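I have placed the structure first, in the form of C-alpha cells, so that the comments after it can refer back to it.
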Amino acid sequence: DLNRYDIIEENNQENPPATAAEGEGAAGGLYRYIKGDLFTSEIFKVEIQNLPKYIGFNDLKKFLNKHGVNPHKIKLFSKQMFAFVTFKNQEERDKAMKAVHGMQWKSKVLSVRLAKPKADPILKKRKQEEEAEGGQPGAKRAAGSQEGEEEEEGPLNIQIANAVTPLWNVPYEEQLKRKEKEVEGVLQKLTREIGNNNKAIRPSPVQVNHLCIHYSNHSHTLMNSQNKYHETEYRNKCEFVIGVGADGEDKTVGFRLGKYKGGSCAVVSPAETSHVSSEAKRVVQGFQQFIRTTPYAVYSPETYEGHWRQLTVRTSRIKQTMAIVFFNPQKLQEEEIEELKRNLRQYFTEGEGQESAITSLYFVRMGQRTSAGTEDLPCEHVTGEEWIHEELLGLKFRISPHSFFQTNTPAAEVLYSAVGEWAQLDQDSTVLDVCCGTGTIGISLAKRVKKVIGIELCQEAVEDAKANAEANGLTNVEFHCGKAEDVFPTVLNAVVSPNVTAIVDPPRAGLHSKVILAIRRAEHLKRLIYVACNAKAAMNNFTDLCRAVSNRVRGAPFRPVRAMAVDLFPQTMHCETILLFERVDYSSETQTTET
C-alpha cells in the first residue's frame, strides 16, 4: 500500500499490444504516474510472444536468468503464450530485448517488443464511470450506486472484516479444516513434483499419507484452550494506511477497503476487526485524533500530493507499544517537520495521546521512490525507548522498527517448539539459522547445541539478534548480515561439525536458488527444516532440494519426511508450514521415512 507503483506492477492485467496511437495516449491522464523522475518498472516493460505451451512462472524466470536477463516483475499468460516483463532500468530492458528476441525455446522462436504501461486503475475506473454516465443515463447506477453497494455488501464493518479477515464468521475448527486441506494439496503436489524430477526417491502411497499435514495435540490444544488472543487480537504488528474514509471522513487511519487495482482507496477504521489488538486500536484512535488537528493532508496515491501515509504499530505481551509514523515531507521546510515531531512528542507524552500508552515513537520521511531499491527507510527516534521487548519461550528479545518478528507470539512458540523437536540436536550440533530476523529460532535452541550461526539481511535485526543473545547469557551464537545467497555458501563451507542442521525461515518468495544449490553441495548437512509462510511459493525450493543430481544440482538429494502446519493467522486462509527434509543416504539398502 505504500507505493502505488508496486501495486500497479504486481497486479498487471492483460494489456492490448502497444501501438503508436496508444503511445501517444500514454502521455494522458491514465498514464500520469509514469511521468517525472519517480520510479516504476512499468516504464521499462516488454512483451515476450510465442512462448512454449505448458510453461509456468518459474520456468520462464529460470529461462531468463539462464540467459543473463534479470526481470523486475513477470506476468505470464500461459494460455495465450505471452508474458509481460518489467525491468529496473532501460539498460536491463534493452539487454533483455537483444538477448531474447529471436531465441529458440522448445521449438518456439521468441519475439520481444515494447509494451505500454498499465493504465492507472483509479483513473481508468473514473473514466469508465464518466463515460457510462454520459453515454447511457443511469448506467452508472445500474453498475452499482452507493446505495446499491451498501445494500449488497452490508455495513462497513462487515465489508472490512471480509477484506482483511475473510474467515471471521467461520467457526475456528472449520478454519483449521480448510487450511489442512489447502496444505495437503501443496504436499500432494510436492509428491508429484518429486516423482517427476527424481523417481529414485518417489514416496510410496504410505509415505505420502504420512507426509500430510497434522496439527499435533500440543499445538491444537494450545491454540484453542488459552485466552482469546490465540484466535483473535493476535497480531503484534499492524500496518495501517491513512486516507479518506469510506464514510467520507478525511484523515482516517485503518485498512483499505479494496485494492488499488480495483479502483478503490477508501479506508475503514480497524475498531471492529477481530485480529487487531486493543492496544493497537487505541493507538490508531489517538493518532487519528492528532492528525485531524494538523494542517497537513493525507497523501493521495492518485495526485501524489499530501503528507500522511502510514502508521505501523508493534506491541508485545509485556505491554510495550511502538508506533512508527510515515510522512511525505513534500516541500516542507526542515523547521516545519521538526515542529511537527515536537507536537507528536508532546501529544503522546503529555497530551490526550497519553492514553495510547506508546513506549516508543518513530518518525519516517517517506517520499516517492526514484529507483528500484527496497532498502529500509531511516527511522527518526522521537520519544520513549528505542525498542520494544518481548518474551518468548522464557527468553527475552528486543525488537527494532524494521526487524522481523513473527506476528503471532503464542503461535510462534508452538512453531519454534516443533522446530526444536524435529531438529534432533545434541551438544555437538551446529545450527545454521537462515533469514533469522531477531534471532528467535537460533537463540531458542542455543543452550542445546555447540554453536548457532545466524544470517539476516536487515542490519537492524542483526543488531537486535546480537543484543538478544547477550541478554540471554549466550556465548555460542554469532550473526552475519547480508543476503543469504551471498553469505550462506561461505558460512556453510566453513562449518566443521558432525551434526549440522539448517533451519530456514525465508520471506514469502522463498530462498534464492544459490542458497538451495549450496545446501545440496554441502553433503555434511544432513537435515534441513524449512519454515514456509507460503508453501505454494516455496514449491520450487522444495523441488530443487529433492531433484536428481545434474550438472546444475550437485550433491545427494533430500527427501521430505515430515510436515506440520501451525495457524499463525486465524480468521484468514494463511498459515505457516514446517517441512523436515533429510539427506538421502544411497549407501543404505533401505531408506526409511520418519513419521
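The values are calculated or read from the model by the stated rules, or taken from the named source; none is laboratory data. Quick caveat: nothing in here was measured; it's all calculated off a predicted structure. Neighbour counts are summed over all protein chains in view; Cβ atoms, including those assigned to glycine, are modelled from backbone coordinates with ideal geometry. Quick note on the areas: whole protein, heavy atoms, side chains included, nothing else; ligands and nucleic acids left out. Shrake-Rupley method; radii C 1.70, N 1.55, O 1.52, S 1.80 Å.
Length gained on full extension, Asp585 to Glu478: 35.5 nm, using 0.36 nm per residue less the C-alpha separation.
As a ratio to 2.2 N^0.38 Å, the alpha-carbon radius of gyration for the stretch 372-480 is 1.09.
Taking label points 7 Å from Cα along the Cα-to-Cβ direction, Asn50 and Met81 give a separation of 1.0 nm.
Sorted largest first, the principal axis extents computed over the alpha-carbon atoms of the stretch 233-309 equal 35, 31, 21 Å. Taking label positions 7 Å along the Cα-Cβ direction at both Ser107 and Lys181, the computed distance is 3.9 nm, reported to one decimal. Just check the stretch 451-519 against the gyration tensor rule for me: Cα atoms, a ≥ b ≥ c as the square roots of the eigenvalues, rounded for a/c under 1.5, and otherwise prolate or oblate depending on whether a/b exceeds b/c. Since a/c reaches 1.5 but b/c is at least a/b, the shape of the stretch 451-519 is classed as oblate. Solvent-accessible area of Ile441, all protein chains in place: 10 Å² (probe radius 1.4 Å, heavy atoms, ligands and nucleic acids excluded). By the Cα gyration tensor, the stretch 304-402 has an equivalent ellipsoid whose semi-axes, rounded to whole angstrom, run 26, 19, 10 from largest to smallest. Among Val276, Tyr304, Phe290, whose Cα lies farthest out toward the positive end of the dipole of the stretch 268-317, if unit charges sit on the beta carbon of Lys, Arg (+1) and Asp, Glu (-1)? It is Val276.
Site pair Lys62 and Gln346 shows an inter-label distance of 6.2 nm when each label is modelled 7 Å from Cα along Cα→Cβ. With 21 Å as the limit on Cα-Cα distance, the pairs of Lys62/Lys108; Lys396/Lys451; Lys79/Lys177; Lys88/Lys483; Lys237/Lys396; Lys79/Lys106 that go past it are Lys79/Lys177. Just so you know, the averaged projected area of the alpha carbon convex hull for the stretch 469-595 sits at 10.1 nm².
Using a 1.4 Å probe on the protein heavy atoms, what percent of the accessible area of the stretch 482-544 belongs to carbon and sulfur? Heavy-atom surface of the stretch 482-544 belonging to carbon and sulfur, 1.4 Å probe: 53 percent. Calculated on the Cα set of the stretch 521-588, radius of gyration then Dmax: 13.9, 47 Å.
Amide H contacts of Arg235 (H built 1.01 Å from N, in plane; Pro and chain starts excluded): Ser277 sit under 5 Å, all sequence-distant by 5 or more or on other chains. From the alpha carbon centroid of the stretch 53-87 to that of the stretch 477-556 is 24 Å. Over the stretch 407-560, with a single point scatterer placed on each C-alpha, what log10 of the ratio I(q)/I(0) does the Debye formula yield at q = 0.13, 0.14, 0.19 1/Å? Per q value, in the given order, log10 I(q)/I(0) is -0.55, -0.65, -1.25. Protein heavy-atom accessible surface, 1.4 Å probe, per residue over the stretch 345-474: 40 Å². Calculated FRET efficiency, Glu305 and Asn157, Cβ-Cβ r, R0 35 Å, to nearest 0.05? It comes out at approximately 0.75. Taking a Cβ cut-off of under 14 Å around Arg345, the surrounding Lys, Arg, Asp and Glu residues balance to a net charge of -4, with basic ones at +1 and acidic ones at -1. Residues of the stretch 474-488 falling in the label zone of Gln427, defined by backbone nitrogen less than 13 Å from a point 7 Å along Cα to beta-carbon, are absent.
With R₀ fixed at 22 Å, the C-beta to C-beta distance from Glu336 to Gln289 puts the FRET efficiency at about 0.60.
Whole-Hz Karplus values for the stretch 53-58 come out as 6, 6, 8, x, 4, 5 Hz, taken residue by residue from phi with 6.51 cos²θ - 1.76 cosθ + 1.60 and θ = phi - 60°; glycine and proline positions read x. Each residue was assigned an accessible area with a 1.4 Å probe, and for Asp376 the value is about 80 Å².
Using heavy atoms of the protein chains and a probe of 1.4 Å, the accessible area assigned to His381 is about 80 Å². Ligands, DNA and RNA are left out, and with a 1.4 angstrom probe the accessible area of the stretch 491-571 is 34 Å² per residue. Annotation: lysines with alpha-carbon distance below 23 angstrom to Lys331 (same-chain offsets under eight excluded): Lys35, Lys251, Lys341.
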